[in-house]
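Structure record follows, encoded as C-alpha cells.
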Amino acid sequence: MSIKESSEAIFSESPGKIALRTLRRDKRSIISLAILGFVISISLLAPVYAHFIAHTNPFNSSLDALAHVGGKSVPVLEASTTGLGLGVTPIGPTWNPSSYFLGADGQGRDVMARLLYGGRNTLLIGTSAAIICIVLALLIGVIAGYRKGWVDAILSRLLDVIWAFPVYLLAISLSVVLLTSGLTVGFIHLGPGSFALPILIIGVVYIPYVARPIRAQVLTLREREFVRAAVGSGAKDSTIIFREILPNIIPSILVFVPIIIALCMLTESALSFLSIGVQPPSASWGTIINDGLALLYTRPWVGIAPGLLIVLTAASLNLYGDAVRDALDPKTRSRGDS
Amino acid sequence: MRRRSLVLNSIISAAAVAASVLVGGATSQAASAGGMAPYDPAHAGGTIKLVAAAAAGSLDPKINYTGQYWQLYQASYDGLLGFRYGDGKASFEVVPDLATALPVMSNGGKTLTFTLRSGIKFSNGQPVTVADVKASFERIFKVSSPTAGSFYNGIVGADVCLKTPASCKLDKGVVVDAKTNSVVINLVAADETIISKLAVPHATINPANSPVKDAGTTPIPTTGAYMFKSYDPNKSLVMVRNPYFKEWSHDAQPQGYPDQIQFQFGVTPTAQVTAVENNQANWAYDPIPADRLNEIGTKYASQVHVNPLTAMWYLPMNVNLAPFNNVKARQAVNYAIDRAAMVKIFGGSQLAAPVCSFLPPNFPGHTDYCGYTKGATPDKPATAWSAPDLALAKQLVKDSGTAGQAVGIVVSDDDVNKQMGVYLQSVLNSIGYKATVKPISGNIQFTYIQNTKNKVQISVTQWYQDYPAASDFLNVLLGCASFTPNSDSSINMAGYCNKSFDAQMNKAMALGLTDSAAANKLWGQLDQQVMKDAPVAVAFTPKQLDFLSSGTKNYHFSLQYKMFVSQLQTK
C-alpha cells in the first residue's frame, strides 16, 4: 500500500475503529485481556468446580471433613501429635483438584472453591461499584461543567466534601455504620449482608476522582468553537451535551473504566479484609486473606493465593487501562505509527 | 467473667471456698498442696517484661474489672482479707491480709469484727489506718465500683450509698475504732459469700484521701510488694518495689522477686509469641494464636504451662426474643452444636474439653450429665457429650415454627471468637435459620450483649470461675436479680428469669450456710433442671496456657488469679 493509500485508509476509519485496531496489536492489551479472561472464567466456573470436581460446599463449616491424599482419607483439621499436642492445623495444599487443592481454612472449607467464589464476588462488587461511580461521576461532571454558575458551585463543593476524606477512611466509616444495621431508604431496605452495600459505598467514595476530571474537560469543551457554534445555532442543551460534549469525553471514560474497576476491587478487598465488606459465609479475596492471616505461619497459601489473584487482576486492569489510553490518544498513536 | 476480664459479677460462696479445698478436681501442672516456698533473696532482682495487645483501662482498683490487672493487683493492693498465694486449689483459701485474723462472726453472721494490722504503710509513706478502711468501703460506692450493687449492697447503709453515691457514709455499716484498730462490718443479713467478697480487689484498702472518682491512669498508693510507677495505656505500665513494704504474711502478700515489672502494650499476639521465643519478653498475656500453638508445643514445650480452669465458653440465647423465646429453638441449638468442633477451633483437646452442664467439671455441684447429645434427652441425660444430633435439632426447629427466621450472632472480633461465630452461623443455617455473624470489638462485646436495647439474639461468650461456688455460675448468670433490662450490667444475658428457679437457688444458698454438701447436691439438681429450659448452650471448658521465656523461672499458678507475676524469677 502506498503512503497515500495508507493515509486515505486511516482517514476513512473512525477514531474508535483505529483505537480498536491499535488495541488488537498492543501486546499489553492482549496479555492483560487474556489474564482477565482467565480470572473471570475460572471465577464464573466456581459452582462447577465446587459441585462437580471438589464435591464440597465452601460456605459450610466442615471441621470433621476428610480429605483424600495419596489414596488415604485424612482429617482436614489435623490435631498436633507432636510435643505437647497443642493446636489443630488445617490441611495444606494437596494439589489434587478433586480434594482440597489449596488446602482447607480454619473452618475446614476448601480454599480453592472459596477462592473461585471469592473471585466472583470481588469482581462483581468491583465492576458494579465502578459502573455506579462512573455513571454518577459522568452525570455530576457534565452537569457541573456545562451549567457552570451556582449549579457547578454546589456540585463541586459536594465533591470537595467527599474528597476531603481519605478514601479508605470514608469507606471504612460508611461500612462500619451501614453494615451494622443495613440501609433503609423509603421502601428499599438493604440488609447488613447485602452486596449492594459495599457496591454503593465503594462506588460513592470514588465519584470525585472521576467527576473532577470530567467536569474540567466539559468546561474546556464548552468553550470550543464547535460547541459555541451549536449554541449559536440554537441547539438545545440536551442536544449539545449528547451530540457535542459526550462523544468527546467518552475516550476519557474508557480509560477510567479499567482503572476504576481495579481501584474498586482493591477497596472491596481491603474492606472485606477488615471484616466490613463481604460478610461470612460469603467469600471475597479480601475475606480469604483475612482467614489466611490467622494461618500465615502454618498454611501461608490460604493468604497468598487470593493475594496473588488480586495483584494479577489489578495489574492486568491497569495495564489494559494504559493500553486503552494509548490507543485513544492520537499523539501516542501517531508516535507509535511513525 | 470473661477471658480477658476476671470479672466478679458474682455472688461468692465462702462456704464453697472452704469446700473447694475438699473437692477433687484437676490441678495445675505446677500445683502443689501448699503455698509459696520461703522467699529466697538470691533470686531477687531484674525486670519481668510482660507483653499484651492492649491495656486494660483504668488502673483504679475499685474500678478495674479485668483479669489482666487483677493479676497485677495481687502483688500491689491488699484488703482486710486476701486469697492465698498458693498453687492450684490452695489459692482458693481466704486468708487474713491487712487484718490480723479472719473475722469474728457474731449476731447470726451479720457482724464481722476485724483487727487491722499495725505498722503497715502505703507506698507513699502514709500509715494504713482504720479511717482508710472505712473510707475505702465508702469509696466503693462513691466511684460506683462495678460490684458496688452486687457484692457490697448487704452492708448496712449501702442502700442509701447506692442511691446517692457522692455523699456515701457507712457510719453504721463499717464501724472503726482507731484506739483498738478494730473494724466492724455490719450486714443487713447474713451472707455466706461475704468473706470472699472482702478478698477481691474492689475491697482493697486505699488511702482515705484517694480521689472520689475513677483515678484513671493515675496510680493509687499501694500496700503490697509493688507500686505502680507509671501508666500509659497506649504504651506501658511499670511497677517497681514498694519502698515501705515489709512482708507481714507470706500467704497473703509475699515479697516479690523482680525489681521491676514492665507491661508493654500494643504487641500483637503473634508478635508476643515471637518476643517470648526470642527472650525479649518473659510472658505473653494474650491467648496464643492457633497458628503458633503447634510451634510452641514442640519447639518450646518446656516453657509452656497448661492449667485447667473452671470456666466455660457458652452461647446465651435471648429467651425474650424470637426465635429463642421458644424453648424448642433453644434446645435445637443445644443439640446441633458440635462441641468437639468448637474445641478444635479453640486449639484442640489439650486446651479444652466439650461439656454440656452449666457447672464446670471439678466444681462444687457439678454432675456428669449431658441432656443434649446424640441418644439423650434432658429428661434422660447421658453422662457425657458424644456427638451432635442434627436430625433432632432440625425437627425441633420445625416443631417450634421458627424455621427461616433471621438470627444475628454477636461475637468478639478476635480470631477465635470470629471463628466460633462463623461455625455457629453454619450450624444455625443448617438447621433452618438465616444466620449472620456480627463481630464487634472485644472491648465492648461483653457489655453490648448484656444490654437488651441491642436486641442480641445469640452470642458467644465466656465465663471464668473466680471462686468455686455454684452460685457464681447459676445465680449470677441465670438469676432474676442479674437481669436488668436496658443496662450494660445485665450479666444474665439470656434474660432468663424463672421465679421458681430463683427460689430454689435462694434455698441452696441458705443451705450453704449450714451444710455445703447438701447445698452442692441441690445446685447439681438445679443445673440439670435449668438446662431443660436451655437458656444457654454450654460448649466447652477451656484451659489456661502460659508461655514463658526460657530464662523465666519459679512459675506458680493460682486457680484464683492465674500466674503469680511477682513470683517470677529472672535470676
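The values are calculated or read from the model by the stated rules, or taken from the named source; none is laboratory data. Treat the numbers as computed from the prediction; the structure is a model and nothing was measured. Here Cβ is always computed from backbone atoms with ideal geometry, including for glycine, and neighbour counts include all displayed protein chains.
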Going through segment B:480-507 one residue at a time, which ones are touching a residue at least 60 places away in the same chain (Cβ under 8 Å), crowded, with 22+ Cβ neighbours inside 10 Å and either touching a Lys or Arg at 6+ places or on another chain (Cβ under 6 Å) or closer than 23 Å to residue B:191 by Cβ (or both)?
B:482, B:491
Evaluate the following for residue A:324: is it farther than 30 Å from residue A:91 by Cβ and not charged (D, E, K, R)?
yes
Does any residue of segment B:540-549 turn out to be closer than 30 Å to residue B:289 by Cα, touching a Phe, Trp or Tyr at 6+ places or on another chain (Cβ under 8 Å), at pLDDT below 90 and not in a helix (DSSP H, G or I)?
no
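Check every one of the helices (runs of 4 or more DSSP H) wholly within segment A:253-338 and list those with 1 or more residues that are crowded, with 19+ Cβ neighbours inside 10 Å, at pLDDT 90 or above and away from chain B (no Cβ under 14 Å).
Numbers: elements: A:285-293, A:301-328, A:330-337.
The qualifying helices (runs of 4 or more DSSP H) are A:285-293, A:301-328.
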So, residue B:102, is that one within 29 Å of residue B:172 (Cα to Cα) and either crowded, with 22+ Cβ neighbours inside 10 Å or touching a helix residue (DSSP H, G or I) at 6+ places or on another chain (Cβ under 9 Å) (or both) or not?
yes
Filter segment A:23-57 down to the residues that are closer than 15 Å to residue A:319 by Cβ, surrounded by 15 or more Cβ atoms within 10 Å (Cβ to Cβ) and not hydrophobic (A, V, I, L, M, F, W, C) and list them by number.
A:26, A:28, A:29, A:32
Which condition breaks for residue B:335 when tested against (1) crowded, with 20+ Cβ neighbours inside 10 Å; (2) more than 21 Å from the chain's Cα centre (by Cα); (3) more than 30 Å from residue A:83 (Cα to Cα); (4) within 14 Å of chain A (Cβ to nearest Cβ)?
(4)
Looking at (1) within 14 Å of chain B (Cβ to nearest Cβ); (2) modelled with pLDDT of 95 or more, which is the one condition that is false for residue A:132?
(1)
All conditions in (1) hydrophobic (A, V, I, L, M, F, W, C); (2) surrounded by fewer than 24 Cβ atoms within 10 Å (Cβ to Cβ); (3) closer than 21 Å to residue B:282 by Cα are true of residue B:70 except (2)
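With the requirement that a residue be within 16 Å of residue B:58 (Cα to Cα) and in contact with a strand residue (DSSP E or B) (Cβ under 6 Å, 6 or more places away or on another chain), what does segment B:204-236 give you? If you could, list the steps in order and put the result at the bottom.
Residues of segment B:204-236 that are within 16 Å of residue B:58 (Cα to Cα), as a first pass: B:204, B:206, B:210-222, B:227-236.
Selection gives B:204, B:217, B:219, B:228, B:229, B:230, B:231, B:236.
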From B:261, B:288, grab the single residue that is buried (at least 24 other Cβ atoms within 10 Å of the Cβ), within 18 Å of residue B:201 (Cβ to Cβ) and of a type in the set (A, V, I, L, M, F, W, C).
B:261
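Can you go through B:207, B:233, B:254 and tell me which one is out of contact with any Lys or Arg (no Cβ under 9 Å at 6 or more places or on another chain), more than 28 Å from residue B:469 (Cβ to Cβ) and crowded, with 19+ Cβ neighbours inside 10 Å? Please lay out each step first, then the result.
On the way: B:233 fails: crowded, with 19+ Cβ neighbours inside 10 Å; B:254 fails: more than 28 Å from residue B:469 (Cβ to Cβ).
The conditions single out B:207.
Let's see how each residue does on (1) under 27 Å from residue B:526 (Cβ atoms); (2) more than 9 Å from chain A (Cβ to nearest Cβ); (3) not acidic (Asp, Glu):
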| site | (1), (2), (3) |
| --- | --- |
| B:351 | no, no, yes |
| B:359 | yes, yes, yes |
| B:386 | yes, yes, yes |
| B:422 | no, no, yes |
| B:425 | no, no, yes |
| B:428 | no, yes, yes |
Say whether the condition of being surrounded by fewer than 21 Cβ atoms within 10 Å (Cβ to Cβ), away from every other protein chain (no Cβ under 14 Å) and not β-branched (Val, Ile, Thr) is met by at least one residue in segment B:439-458.
yes
Which of the residues spanning segment A:58-92 are more than 7 Å from chain B (Cβ to nearest Cβ), assigned to a loop (DSSP other than H, G, I, E, B) and surrounded by 18 or more Cβ atoms within 10 Å (Cβ to Cβ)?
A:58, A:59, A:62, A:65, A:76, A:91, A:92
Quick check: anything in segment A:109-122 crowded, with 21+ Cβ neighbours inside 10 Å, part of a helix (DSSP H, G or I), in contact (Cβ under 8 Å) with a residue 12 or more places away in the chain and touching a Lys or Arg at 6+ places or on another chain (Cβ under 7 Å)?
no
Looking only at residues that are among the hydrophobic types (A, V, I, L, M, F, W, C) and surrounded by fewer than 18 Cβ atoms within 10 Å (Cβ to Cβ) in segment A:242-252, which one is nearest to the chain's Cα centre (by Cα)?
A:250
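Inside segment B:285-309, can you point out the residues that are away from chain A (no Cβ under 14 Å) and either more than 26 Å from residue B:427 (Cβ to Cβ) or aromatic (Phe, Trp, Tyr) (or both)? Please lay out each step first, then the result.
First, the residues of segment B:285-309 that are away from chain A (no Cβ under 14 Å): B:285, B:308-309.
If the condition is that a residue be away from chain A (no Cβ under 14 Å) and either more than 26 Å from residue B:427 (Cβ to Cβ) or aromatic (Phe, Trp, Tyr) (or both), then B:285, B:308 are the ones that fit.
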Does at least one position in segment B:300-308 carry a residue that is within 24 Å of residue B:238 (Cβ to Cβ) and in a strand (DSSP E or B)?
no
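Residue by residue, here is whether (1) more than 14 Å from every other protein chain (Cβ to nearest Cβ); (2) within 30 Å of residue B:431 (Cβ to Cβ) holds:
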{"position": "A:34", "(1), (2)": "yes, no"}
{"position": "A:39", "(1), (2)": "yes, no"}
{"position": "A:45", "(1), (2)": "yes, no"}
{"position": "A:51", "(1), (2)": "yes, yes"}
{"position": "A:98", "(1), (2)": "yes, yes"}
{"position": "A:108", "(1), (2)": "no, yes"}
Quick one: would you say residue B:59 is in contact with a Pro (Cβ under 9 Å, 6 or more places away or on another chain), crowded, with 24+ Cβ neighbours inside 10 Å and more than 19 Å from residue B:549 (Cβ to Cβ)?
no
Residue count, segment B:62-83, condition under 23 Å from residue B:258 (Cα atoms), at pLDDT 95 or above and in a loop (DSSP other than H, G, I, E, B), comes to 4
Selection within segment B:392-420 - within 9 Å of chain A (Cβ to nearest Cβ), closer than 14 Å to residue A:279 by Cα and not basic (Lys, Arg):
B:408, B:413, B:419
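Sort out which residues of segment A:157-177 are under 29 Å from residue A:213 (Cα atoms) and either within 14 Å of another protein chain (Cβ to nearest Cβ) or in contact with a Gly (Cβ under 8 Å, 6 or more places away or on another chain) (or both), and write them in order of number. I'd like the intermediate steps shown before the answer.
First pass over segment A:157-177, keeping only residues under 29 Å from residue A:213 (Cα atoms): A:157-175.
The answer is A:172, A:175.
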